[in-house]
Amino acid sequence: MSADDHILGIDFGGTKVALGLADRTGKLLATRRLDTDAAAGAGQVVSRALAAAAGLVAGERSVLGGIGVVSPGIVLPDRILLAPNVPGWERLRLAERVSAEFPGVPVTVGTDAKAAALAESTWGTLAGADPAVFLSLGTGIAAAVLVGGRVLTGAHGAAGEIGYNLRFPQDCAGFAGGAAPLEEAVGGRGLGGRASEALGRTVTAGELFALARENAEAKELVTAALDELSMHVANLAIAFDPERIAVGGGLVRSADVLLPALRERLAAAVPFPPDLVPARFDQDAALLGAVALALG
């Protein structure tokens, strides 16, 4: 890889795909976003994303030195585990698909939240913090723990998959039953679904937070979700004693409601409350994480 080569980052999410070209310092030079259209399945979103990526590279006349690709779940050579939001995603050979579109260019793949943590540790608000946690709150929810500047992967790559946390002692609907209990309760997709049912019209999680300022039923839903989420974040902080927690993902657009609720619970429950901050890159953390993976 020469100093002038660009890095292509691809961030596959539950509702959007983010593409970006960056230099070796992590500076994004050009970006593009696509809707995932999850209901239409995995094949179409990967095909559209790779076509758009090829167009972005050609339009910028870039010479690629590497490609980083991130996705929810545990990305293996022949499949993706723990990624239920897009039909067919678990059967993808993601690195193969990308390599076929860009032959000869090194491809690195990884989990979106862990890659985002790497970006925040390298260039963002987690730089110098040890231990540190990146909390991803979007369509789904996940955490990534950094110790000594390295992301904790776990024995199977699943460290920090807090969406599978059980919610109460009698909770039997865990992973073996096809459930992600906490994610279904407080993740953006689950929260939006419950809000739509309660309010009688289609409502996204972001819209729900806005409605909560004036609608009592919406406020009740948001308050319950934040009470539950903050408990799990506090337990995470008790377990790892982080110096700092950075919060990113789509729900951070409602930071004025979200962050005070989390800070209040951390202050009350954690012996040594960590500093809680919004992620520097907000919506681009996973995309820059893909770049960081490619840079190695």
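Bear in mind these aren't lab numbers, they're just calculated from the coordinates by the rules spelled out. Keep in mind that this is a model prediction, so the values were computed, not measured. Note: ideal-geometry Cβ built from the backbone for every residue, glycine included; neighbour counts use all protein chains shown.
Other residues within the sphere of radius under 13 Å centred on the Cβ of Arg93, judged by their own Cβ, net out at -1 (K and R +1, D and E -1).
When only alpha carbons of segment 72-140 are considered, Rg and Dmax amount to 14.4, 39 Å. Each Cα pair under 8 Å and six or more residues apart adds its sequence gap; the mean of these over the residue count of segment 138-235 is a relative contact order of 19 percent. The label point for Asp5 and the one for Val257, both projected 7 Å from the Cα toward the Cβ, are 4.6 nm apart. With Cα atoms defining each centre, segment 249-278 and segment 89-125 are spaced 28 Å apart in the structure. For segment 29-158, the equivalent ellipsoid built from the Cα gyration tensor has semi-axes of 25, 19, 14 Å, listed from largest to smallest. Less than 5 angstrom separates the built amide H of Val69 from those of Ile10, Thr108, Val109, Gly110, all sequence-distant by 5 or more or on a different chain. Using the Cβ of Thr202 as centre and a radius below 13 Å, the other residues enclosed give a net charge of +1, where K and R count +1 and D and E count -1. Remark on Leu276: its backbone amide H falls under 5 Å from those of Ile245, a criterion applied only to residues 5 or more positions apart or on other chains, H modelled at 1.01 Å from N.
Across segment 126-279, the convex hull enclosing all Cα atoms gives 116 Å³ per residue. An ellipsoid equivalent to the chain, defined through the eigenvalues of its Cα gyration tensor, has semi-axes of 31, 22, 18 Å when rounded to whole angstrom and sorted largest first. Annotation for Asp23 and Ala51: the two label points, set 7 Å from Cα along the Cα-Cβ direction, are 3.3 nm apart.
At q = 0.15, 0.16, 0.17 Å⁻¹ the log10 of I(q)/I(0) for segment 182-270 amounts to -0.55, -0.62, -0.69, computed by Debye summation with a single uniform scatterer per C-alpha, solvent ignored.
Largest mean-square fluctuation among Val109, Val70, Val203, in a Gaussian network model of the chain whose springs join Cα atoms under 10 Å apart, belongs to Val203.
Pick out the long, greasy-scoring helices in the chain: whole DSSP H runs spanning 27 Å or more along their own axis by Cα, mean Kyte-Doolittle at least -0.5.
Working: long enough: 216-240 (36 Å, 0.77).
Answer set is 216-240.
Given R0 = 41 Å, the distance between the Cβ atoms of Thr202 and Val63 translates into a calculated FRET efficiency of 0.40. Label sites at Asp227 and Glu96, each approximated as a point 7 angstrom past Cα along Cα to Cβ, lie 4.9 nm apart. Partners of Lys16 within straight-line reach, counting lysines whose Cα lies under 25 Å from its Cα and excluding those fewer than 8 residues away in the same chain: Lys27, Lys114.
Simple point charges give the picture: +1 on the Cβ of Lys and Arg, -1 on the Cβ of Asp and Glu, and for the chain a dipole about the Cα centre of about 420 debye.
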